[in-house]
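These notes are about the structure you will find just below.
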Amino acid sequence: MLDLQRLRALHAVSVHGTVGAAAAALGFTPSAVSQQIAKLERETRTVLLEREGRGVRLTDEAWELAATARELMAIVERAETGLEERRGVPAGRLDIAAFASAARGLMPSVLADLAARHPALDARLTEVDPHLSVDLVAKGAVDLVVAHDWDIAPLPAPAGVEQAPIGDDLCDLLVPEGHPFAGRGAVRRSELGGQRWICQPPGRVCHDWLVRTLRAAGHEPDIVHRAEENPTLVALVAAGLGIALIPRLGRGPLPPGVVRVPLDPMPVRRLYALWRTGAARRPAIAETVRALRDHWPRVCAQAAPAADHAPR
């Protein structure tokens, strides 16, 4: 009889790519995941992981077993969903993935709300970039995802995944004090050529939006500094090293030396909650979506630019 927890460990490695990433997603240590897979190898008398450089790769037999593990986990999920639905109370473990600014600006109050209302629910958060998180929920690695898209790059929901809108996050153009845009009431997208840009690395949704938008306006973007976190981007703008387009969610008040200028039309990114269709009946899913939507207006109000250094 194959052990489900060992199969779950193998499935996590197949989804996340490394033992360390799988361990972080499961809440275990890397050594614990390695031990689970080693026991599974002994049980199946099959080599499942092979060394490849500093990492590992799954053998063909491991990929086949991981696919079976995914099917078994789906069956278990349906059983757990049915029990939770019959009780009518959110309960059990709920793994949530959210992108960085949502994890910082929205999820703390949502998780606190869920903990206060539903002590039997064990909600756990992992920060994941949105272009990865949607695939994770589709593969069963997490239960619910908070992701976003942009007006020119809609977020596709994979087969077997449902989504619900949470709200719209507005984005501002941030420039150093003394920049020609700093005194403007608004800047049109057609005027953005010839600027030195500060942005997230390639492959991130914000980076891709900026490149597409500037090229659509006939400008080739000159991205001179790249950083993962929005506070770093803001600090680079404050140092006078370029301009940036940064959403309001989780941004916090702008420091001295940074001026917010509206872009016309103003960019909008839409936030969504996504979950697998098989788990749609879980009260935990419905309650988490409820909490996300309930807390969104307050988060938006806190993110409003009243306290920012607006144009003088």
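The values are calculated or read from the model by the stated rules, or taken from the named source; none is laboratory data. Small disclaimer: the values here were computed from a predicted structure and weren't measured. Glycine gets a Cβ as well: all are built from the backbone with ideal geometry, and neighbour counts include every protein chain shown. Surface areas here come from the heavy atoms of the whole protein model, side chains and all, with no ligands, DNA or RNA. Shrake-Rupley method; radii C 1.70, N 1.55, O 1.52, S 1.80 Å.
Tabulated data
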{"item": "Given charges at beta-carbon only (K, R positive; D, E negative), |dipole| of the stretch 177-302 in Debye", "result": "600"}
{"item": "Apportionment of accessible area to carbon and sulfur, the chain, percent (1.4 Å)", "result": "54"}
{"item": "Sequence-separation-based contact order of the chain, relative, with Cα cut under 8 Å and 6+ spacing, percent", "result": "22"}
{"item": "Between 0 and 90°, nearest 10: helix 4-16 axis offset from the chain longest Cα axis", "result": "30"}
{"item": "Cα-projected label distance for Asp3 with Glu61, points at 7 Å along beta-carbon direction, nm", "result": "1.8"}
{"item": "Percent of beta bridges antiparallel (DSSP, the stretch 57-205, rounded to nearest 5)", "result": "10"}
{"item": "Stretchable slack from Lys39 to His131, in nm (0.36 nm times residue separation minus alpha-carbon distance)", "result": "29.8 nm"}
{"item": "Cα-Cα P(r), the chain, percent of pairs per 20 Å interval", "result": "30, 49, 20, 1"}
{"item": "Spatial separation of Cα centroids for the stretch 91-119 and the stretch 143-221, in angstrom", "result": "26"}
{"item": "Karplus 3J(HN,Hα) series, Hz, for the stretch 282-299 with 6.51 cos²θ - 1.76 cosθ + 1.60 (x for Gly, Pro)", "result": "5, x, 5, 5, 4, 5, 5, 5, 4, 5, 4, 5, 5, 7, 4, x, 5, 4"}
{"item": "All Cα pairs of the stretch 217-312, percent lying beyond 18 Å", "result": "61"}
{"item": "Whole-number percent relative contact order across the stretch 75-204, with pairs defined as alpha carbons under 8 Å at least 6 apart", "result": "22"}
{"item": "The stretch 86-194: Cα Rg divided by the 2.2 N^0.38 Å rule of thumb", "result": "1.43"}
{"item": "Tilt relative to the chain, helix 205-216 - C-alpha long axis, 0 to 90 degrees, to 10", "result": "50"}
{"item": "Distant-in-sequence amide H partners of Val258 (H built 1.01 Å from N, under 5 Å)", "result": "Glu177"}
{"item": "Karplus (6.51, -1.76, 1.60) ³J(HN,Hα), θ = phi - 60°, over the stretch 102-113, in Hz, Gly and Pro reported as x", "result": "6, 4, 8, x, 10, 5, x, 5, 5, 5, 5, 4"}
{"item": "Isotropically averaged projected area of the stretch 1-72, using the convex hull of Cα atoms (one quarter of hull area), nm²", "result": "4.2"}
{"item": "For the stretch 1-72 versus the stretch 262-297, the gap between their alpha-carbon centres in whole angstrom", "result": "32"}
{"item": "Percent of beta bridges antiparallel (DSSP, the chain, rounded to nearest 5)", "result": "65"}
{"item": "Order by protection proxy (mean Cβ within 10 Å, highest first), peptides 105-118, 131-144", "result": "131-144, 105-118"}
{"item": "Inter-label distance, nm, simple model (7 Å from Cα along the C-beta direction), Ala32/Arg117", "result": "3.0"}
{"item": "Leu94 long-range amide H proximity, modeled H, under 5 Å", "result": "Asp122, Ala123, Arg124"}
{"item": "Top positive-direction residue, dipole computed over the chain with Cβ charges, set Leu192, Val258, Ala244", "result": "Val258"}
{"item": "DSSP-defined antiparallel bridges as percent of all bridges, the stretch 173-312, nearest 5", "result": "45"}
{"item": "³J(HN,Hα), Karplus 6.51/-1.76/1.60, whole Hz, each residue of the stretch 180-187, x for Gly, Pro", "result": "x, 7, 4, x, 7, x, 6, 10"}
{"item": "Unit charges on C-beta of K, R, D, E only; dipole of the chain, Debye", "result": "360"}
{"item": "Estimated 222 nm signal from helices in the chain, with DSSP H stretches of n ≥ 4 weighted -39500 (n - 2.57), rounded to 500", "result": "-13500 deg cm²/dmol"}
